[in-house]
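Chemist: My questions will all concern the structure given below.
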């Protein structure tokens, strides 16, 4: 009995790690579900294909191997919220995904990363692309849960500013030559 319990526990633990995320569609509603973390988001406008394509697009635009898909899904949820609030935005997102598939002559998400990038370069001046790109910037880099990953310690204003809190703690850059630094007044 004890071994059965451990095997079941090990199975559940490992299957949660293996399954990074799934998109679940039922009765018209789409959910982004990440079993390993217990995180999910209900989408109201985007369908399964559109949300999957946008998730792949956000990861393609801002690739970070060590960031879980759930953080990219936050961007997709924000896009869905925008689409829910504005029918023009909804049309733009849906048309943008359709355009990606048209340029791919099939499912854009199923292409290699190089081919997806080539197509994204073709549309990088469109309003659709710019909307997704800008939502990525705020959705990923303004996400407090990711600040540690990027080495950002957060706002310093409430702690007296950066001069005494990380101003010169860049350990990943070489020190500049003394001649490049201005003399103190």
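The values are calculated or read from the model by the stated rules, or taken from the named source; none is laboratory data. Nothing here was measured: the structure is a model prediction, and the numbers come from that model. Cβ coordinates were reconstructed from backbone atoms using ideal geometry, including for glycine residues, and neighbour counts include every protein chain displayed.
Chemist: Would you confirm whether any residue within the range 165-176 is surrounded by 12 or more Cβ atoms within 10 Å (Cβ to Cβ) and within 30 Å of residue 77 (Cβ to Cβ)? Explain how you work it out, then say what you get.
Modeler: Taking the range 165-176 and keeping what is surrounded by 12 or more Cβ atoms within 10 Å (Cβ to Cβ), we get 165-166.
Filter once more, so that each one left must be within 30 Å of residue 77 (Cβ to Cβ): none.
Looking through the range 165-176, none of the residues is surrounded by 12 or more Cβ atoms within 10 Å (Cβ to Cβ) and within 30 Å of residue 77 (Cβ to Cβ).
Chemist: Among the residues of the range 58-72, how many are within 22 Å of residue 115 (Cα to Cα) and in contact with a strand residue (DSSP E or B) (Cβ under 9 Å, 6 or more places away or on another chain)?
Modeler: Residues flagged as within 22 Å of residue 115 (Cα to Cα) and in contact with a strand residue (DSSP E or B) (Cβ under 9 Å, 6 or more places away or on another chain) within the range 58-72 amount to 1.
Chemist: Which ones in the range 39-86 are touching a residue at least 40 places away in the same chain (Cβ under 8 Å), surrounded by fewer than 20 Cβ atoms within 10 Å (Cβ to Cβ) and not in a helix (DSSP H, G or I)?
Modeler: 44, 62, 64, 66, 67, 68
Chemist: If you go through the range 109-159 one residue at a time, how many are in a loop (DSSP other than H, G, I, E, B) and over 16 Å from the mean Cα position of the chain (by Cα)?
Modeler: Residues in the range 109-159 being in a loop (DSSP other than H, G, I, E, B) and over 16 Å from the mean Cα position of the chain (by Cα): 12 in total.
Chemist: Further, regarding this structure: Take residue 91 and decide whether it is touching a helix residue (DSSP H, G or I) at 6+ places or on another chain (Cβ under 7 Å), farther than 21 Å from residue 140 by Cα, surrounded by fewer than 17 Cβ atoms within 10 Å (Cβ to Cβ) and at pLDDT 95 or above.
Modeler: no
Chemist: Tell me, which residue of the range 113-136 that is free of Cβ contacts under 8 Å to residues at least 12 places away in the same chain and under 23 Å from residue 89 (Cα atoms) is surrounded by the fewest Cβ atoms within 10 Å (Cβ to Cβ)?
Modeler: Restricting attention to the range 113-136, the residues satisfying the condition of being free of Cβ contacts under 8 Å to residues at least 12 places away in the same chain are 114-115, 118, 121, 124-125, 130, 134.
Retained after the next criterion (residues that are under 23 Å from residue 89 (Cα atoms)): 121, 124-125, 130, 134.
Details: 121: 10, 124: 11, 125: 8, 130: 12, 134: 10.
Among those residues, the one meeting the criterion is 125.
Chemist: Within the range 95-108, take every residue that is assigned to a helix (DSSP H, G or I) and out of contact with any helix residue (DSSP H, G or I) (no Cβ under 8 Å at 6 or more places or on another chain) and give me the one that is farthest from residue 131 (Cα to Cα).
Modeler: 102
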